[in-house]
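The values are calculated or read from the model by the stated rules, or taken from the named source; none is laboratory data. This structure is a prediction, so every number in the text was calculated from the model and none was measured. FYI the Cβ positions are ideal-geometry reconstructions off the backbone, even for glycines, and counts take in every protein chain you see. Surface areas here come from the heavy atoms of the whole protein model, side chains and all, with no ligands, DNA or RNA. Shrake-Rupley method; radii C 1.70, N 1.55, O 1.52, S 1.80 Å.
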Amino acid sequence: MANSMRAIRTRIRSIETTRQITLSMRMVSASKLRRSQLAWNSLKEYDKVSRDILSGVCTSAKADKIPLLKAREVRRVCYVLFLGSRGLCGGYNQQLLRFARAMLDADSREKELVVVGRWGREQVAQLHQEVLRRFDTFADTPNPEEGRELADFLLQRYLDGACDEIVLVYQQFISVLTQEPTSLKLLPMKPKESEAPLRDLIFEPDAETLLQKLSDLVLHNAVYAAMLEAQTGEHAARMTAMTAATDNTEELIAKLSLELNHARQSAITTEISEIVGGANALEKK
């Protein structure tokens, strides 16, 4: 019985240590989530306005001379997969990998893969697609320079003709509890029809230069926004996972404490029975 109580106490101490770790990770993830979500929310409105301006200008100027806006025959597709930087975030990465695998298997065209994130080199190998380049040195909350580095690389691949279409694959942030895998065609761009077309514009220096600058701006905004949204989802998923883990440790500690109390009561009852039995034996003698 003593050995059983000692084992229960040892297990409780071990679980309490685990609880401290998961609680700390939850607090760290919550802090990172606030930072990345603030940066993403700030960029979303800017990205929306820049897209609206591009759409409005496209209705008043010819866009067929701009490489990023001109559609061409698609022979090779570049998929950009935004994975997490580390694990312990529930099914965040595995869910995205299943979505990416389904997309790659369904696409019969030539493909290349660019991976953003440090997690899962072995798991990415299961996609059976050679990784062209891996960006795995970005911070937990990427800065604009890191977004520009990735955007410039993709832009150069497209302008050089190495690929004819670029698709971003990442987790869309729905809420803190929900992230949904999604894909976004980055290039070639297809501006939406403007609800309020801009008419009678005077371009300075000229329409072609303005469209070139606007398309570059929208491209960099889209890449950086996808990075921030993916990181926001990862932090949210990890915070949710660590919250659940902390709750589980508390339930397990309560269960083991109850089991320890039962064992202690049983030991006391046994000792009392032995004392009473010994006293009775002495009286008979």
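Would you say residue 190 is at pLDDT below 85, under 27 Å from the mean Cα position of the chain (by Cα), under 30 Å from residue 112 (Cβ atoms) and not acidic (Asp, Glu)?
In short, yes.
Check whether at least one residue in region 10-28 is farther than 28 Å from residue 256 by Cα, out of contact with any strand residue (DSSP E or B) (no Cβ under 8 Å at 6 or more places or on another chain) and surrounded by 18 or more Cβ atoms within 10 Å (Cβ to Cβ), and report yes or no. Scanning region 10-28, I find no residue that is farther than 28 Å from residue 256 by Cα, out of contact with any strand residue (DSSP E or B) (no Cβ under 8 Å at 6 or more places or on another chain) and surrounded by 18 or more Cβ atoms within 10 Å (Cβ to Cβ), so the answer is no. The single condition from (1) in a helix (DSSP H, G or I); (2) free of Cβ contacts under 8 Å to residues at least 12 places away in the same chain that residue 51 fails is (2). The number of residues in region 159-181 that are surrounded by fewer than 22 Cβ atoms within 10 Å (Cβ to Cβ) and farther than 30 Å from residue 244 by Cβ comes to 7. When each of 37, 123, 95, 129 is tested for being of a type outside the set (Phe, Trp, Tyr) and more than 22 Å from residue 150 (Cβ to Cβ), the lone residue that passes is 95. The one condition from (1) open to solvent by 60 Å² or more (accessible area, probe 1.4 Å); (2) in contact with a Gly (Cβ under 8 Å, 6 or more places away or on another chain) that residue 64 does not meet is (2).
To keep it simple, each residue is scored yes or no on (1) more than 17 Å from residue 185 (Cβ to Cβ); (2) open to solvent by less than 40 Å² (accessible area, probe 1.4 Å); (3) among the β-branched types (Val, Ile, Thr).
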site	(1), (2), (3)
75	no, no, no
79	no, yes, no
86	yes, no, no
89	yes, yes, no
101	yes, no, no
104	no, yes, no
117	yes, yes, no
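Hey, among 185, 255, which residue is open to solvent by 60 Å² or more (accessible area, probe 1.4 Å), modelled with pLDDT of 75 or more and over 28 Å from residue 80 (Cβ atoms)? Residue meeting the stated conditions: 255. Provide a single number: the residues in region 258-275 that are at pLDDT below 70 and either hydrophobic (A, V, I, L, M, F, W, C) or open to solvent by less than 100 Å² (accessible area, probe 1.4 Å) (or both). Qualifying residue count for the region: 0.
When the test is whether a residue is in a loop (DSSP other than H, G, I, E, B), in contact (Cβ under 8 Å) with a residue 24 or more places away in the chain, under 30 Å from residue 211 (Cα atoms) and of a type in the set (A, V, I, L, M), residue 68 passes it.
Where helices (runs of 4 or more DSSP H) sit wholly within region 79-164, those with at least 3 residues that are in contact with a Gly (Cβ under 9 Å, 6 or more places away or on another chain) occupy 92-106.
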